[in-house]
Amino acid sequence: MNRSLVASVTAGVLGGLANVMVTRELLERVDSPFFEPGRETALNPGTIGSVADAPHVWLGVFALGFVPLFATTATRLLAPGGGFVALLVGVVHTVLTAPFPEGTPMAWGTLVEGPFYASNYAKSWYAWLSLLLVAGVAEFALRRGYGLGDERLRNLPTLPLSRSQLRAVVLGSGLLVGLGIGLLSSTGAYYQSDIWTVLTILVPGCIVTAIAIAALLTRGLVTPMVLYAYWTAGTVESTVFPPHPAPEYHTHPEVLFLFLSVALPLLACLEWVLRSRVRGWDGGVFAGRADTAE
């Protein structure tokens, strides 16, 4: 095992453990009515118990810290690791500045009311992880294609990608985000269990992600990715951290994805026409051309 792999694994383990410890601390401090060591939880828990009670959640929380830092250390891409650190800082700020959940004794038990942001963050690890990985793909394309410190990158292919590589990256990214947001439940559960709801989000989510990634990797078109990143990240954020008090607030990512499936191709065409006519852009290294007018 070479030093680079050891360093990458070490960084990943430290990131995973840090995410577990911070999440556990937030649950104990803020969601204390929900966090009861020794409490049994179901596969799709509305609440989170101890680490031993909900290993399926905590393994995901660990993976959310491990994968981005492993990827950053192994490839020198900044987006996965830097995005995770920014996410964790933002979550801590959001949780600690929001109203704390409070329990009210009732005849049948305790009624807990309040925003359960710490629990929501732990249970939505797969959605955040998919966004961080796609951010890494976008950074790779920008740095390789426009020469933005690409000499520092390691263990990554050159542009243009082969057809098989392009298909794998585009389809893989689409499935990651489509599943990540499709499984994301706005009702506080661990994952969305209605298969038809998942499919109505997965399919358009996969399509719009593929459009944004393909436009960037094959022609260096930036605006579709910018619009896609803004709305997709905003959708996940508003689902995991809904405004409070708003108990009936639900997001509808399928509507957003249908809009983006029309808007992104139009935006890509507009950018291509403007850049090719005004500045003579021909796709550069994205399209396998070494010389470009830009």
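Computed values, structure above
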read-out: Charge context of LEU161, other residues only, Cβ under 11 angstrom, K/R +1, D/E -1; value: +3
read-out: Backbone HN-Hα couplings from phi across segment 266-277 [Karplus 6.51/-1.76/1.60, Hz, Gly and Pro as x]; value: 5, 5, 4, 5, 5, 5, 4, 5, 5, 6, 6, 7
read-out: Cut-off 15 Å between beta-carbons: net charge of the residues surrounding GLY136, Lys and Arg +1, Asp and Glu -1; value: +3
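Read-outs: derived from the displayed coordinates by stated rules, not from any lab. Keep in mind that what you see is a predicted model, and the values were worked out from it rather than measured. Cβ atoms come from the backbone with ideal geometry, glycine included; neighbour counts cover every protein chain shown.
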